[in-house]
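Heads up, the thing below is written out as C-alpha cells.
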Amino acid sequence: MELTILMPCLNEAETLEICIKKAKAFLASSGVDGEVMIADNGSTDGSQDIARANGAVVVDVPARGYGAALL
C-alpha cells in the first residue's frame, strides 16, 4: 500500500520540520510505503527549503487558502 501524507503550508518554518519527521516516522513504523508532500501556499520564511531538507516533496500552490492547497 502507498500513502501520501499531504500538509498545507504557509510560513510554517517553526513547526514544519517536526511535523515532517513525525509523518515519516509514522510511515516507517506502520510499514507503509509513502511520501510526505507539502502544498506550499507562498511561504516567505524558508518553509520550502526546510521541507526539502527533511525529505518532503514540495508542490507550489499559487491559489491562497487551505482548500486550494489540498486540491
- DSSP loop (so not H, G, I, E, B), at most 14 other Cβ within 10 Å: list which trypsin sites (Lys or Arg not before Pro) in the stretch 1-37 pass both filters. none
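Given a Förster distance of 25 Å, report the FRET efficiency between LEU3 and ASP60 from their Cβ-Cβ distance, rounded to the nearest 0.05. Mind showing how you got there, number by number?
Working: r = 22 Å, r/R0 = 0.88.
According to the calculation, E is roughly 0.70.
Please go through the chain and write out the GluC sites (Glu not before Pro) that DSSP classes as loop and that have at most 12 other C-beta atoms within 10 Å. Write down the numbers at each step before the final one.
On the way: sites: GLU2, GLU12, GLU14, GLU17, GLU35; in loops: GLU12, GLU14.
Loop-located and lightly packed - GLU14.
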- Query: For the chain, modelled as a GNM with alpha-carbon contacts under 10 angstrom, which of ILE38, ILE50, ILE18 fluctuates the most?
  - Reply: ILE18
- Note on the structure: The local net charge around ALA13, scoring Lys/Arg +1 and Asp/Glu -1 for residues other than ALA13 whose Cβ lies under 15 Å from its Cβ, equals -4
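Mind sorting VAL58, VAL36 by how few other Cβ atoms lie within 10 Å of their own Cβ, fewest first?
Numbers: VAL58 18, VAL36 23.
Fewest-to-most Cβ neighbours within 10 Å comes out as VAL58, VAL36.
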- Item | Cα-centred dipole magnitude for the chain, charges only on beta-carbon of K, R (+1) and D, E (-1), debye, nearest 20 | 120
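Defining a contact as two alpha carbons under 8 Å apart and six or more residues distant in sequence, what relative contact order in percent does the chain show? Display every interim value, and only then the final one.
Numbers: 119 pairs, mean separation 27.6, N = 71.
In percent, rounded to a whole number, it is 39.
Specify whether the C-alpha gyration tensor of the stretch 1-46 places it in the rounded, prolate or oblate class, a ≥ b ≥ c being the square roots of the eigenvalues: rounded for a/c under 1.5, otherwise prolate if a/b is larger than b/c and oblate if not.
Details: a/c = 4.59, a/b = 1.98, b/c = 2.31.
Oblate.
Bear in mind these aren't lab numbers, they're just calculated from the coordinates by the rules spelled out. Owing to the predicted nature of the structure, the values given are computational and were not obtained by experimental measurement. Neighbour counts are summed over all protein chains in view; Cβ atoms, including those assigned to glycine, are modelled from backbone coordinates with ideal geometry.
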